[in-house]
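Here's the structure we're looking at; comments come further down.
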Amino acid sequence: RIKKAKIGKDVERDRILAEPELIILFQKLPTAGMADTSQLALLLQLATIARIGEVLSARWEHIDFERRIWTLPETKNGRRHEIWLNDFALCQLQKLKAITGPTQWLFPATRAKKDRPDFADHVCEKTVTKQVGDRQRSNGNPMSGRSKNVDALVLPEGKWTPHDLRRTGATMMAELGALPDVVEKCLNHTEEKKIKRIYQRAQYEGPMREAWRLLGDRLALLQARADGLADNVVTLQAA
């Protein structure tokens, strides 16, 4: 019941995972004690720079593998959004399809709601964020009923959240040459000026796809470095 305004102003987060940290994250994820679906959710978010809630509530009917398009019918700003799926994202989706493909959700809940026992829903949108937080409690004790791997996802530059992966992916797009306006469109941020907003829709479709492609290719290289399959990848340093 306490309003945020009574506590103080919101502090804008600016945490970005540098490429050396991403390599460490790729190495730590498989041994962090998380479900395969949770790991795939994080990698998919990083590759698409979508919000973690959008990832976890996605439906298979909105994934077009042939056209490489993930359609979000309704988003935070109330607008339809299309994400072009790079090879890295498609790889995660293909792995996920083998696990949850028979269901309507990419990430179905394991339990039905108490008030709707016959209704299958998607997983809680906070579940992956909680799992990530539980694995960065190296200075404290495990919470009751939660993971005992309290330092499994600790990274050199400090605590991180799934939302930071969205910011990280967008930053990587810019560092790889995508224009700021293009990155904003990939993030599905709303352009304040109506006329500019209308004309940008078609104008930026090609550059947006290129931005997602560049991001996916870079993530694939970092994954190869993490897996010991490439040793000549020069990492970019976050500003």
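Brief remarks follow.
- Residues located in the stretch 76-95, provided they are within 18 Å of A211 (Cβ to Cβ), touching a strand residue (DSSP E or B) at 6+ places or on another chain (Cβ under 8 Å) and of a type outside the set (A, V, I, L, M, F, W, C): H81, E82
- Of the residues making up the stretch 41-82, those that are of a type in the set (G, A, S) and assigned to a loop (DSSP other than H, G, I, E, B) number 4.
- One residue stands out in the stretch 144-176 among those that are among the small types (G, A, S) and out of contact with any helix residue (DSSP H, G or I) (no Cβ under 7 Å at 6 or more places or on another chain): the one that is modelled with the highest pLDDT, namely G158.
- Cross-chain or 6+ apart pairs with Cβ under 7 Å, the stretch 42-71 first and in contact (Cβ under 8 Å) with a residue 12 or more places away in the chain, then β-branched (V, I, T) and open to solvent by 40 Å² or more (accessible area, probe 1.4 Å): I52/T129
- Filter result (touching a helix residue (DSSP H, G or I) at 6+ places or on another chain (Cβ under 6 Å) and open to solvent by less than 70 Å² (accessible area, probe 1.4 Å)) within the stretch 73-105: I83, W84, N86, F88, A89, Q92, L96
- Residue in the stretch 46-67 that is more than 17 Å from H163 (Cα to Cα) and crowded, with 19+ Cβ neighbours inside 10 Å present: yes
The values are calculated or read from the model by the stated rules, or taken from the named source; none is laboratory data. Please read these numbers as outputs of a predicted model, since none were measured by experiment. Here the Cβ is made from the backbone with ideal geometry for all residues, glycine too, and neighbour counts use every protein chain on show. When the accessible area is computed, the model is the full protein with side chains, heavy atoms only, and any ligands, DNA or RNA have been set aside. Shrake-Rupley method; radii C 1.70, N 1.55, O 1.52, S 1.80 Å.
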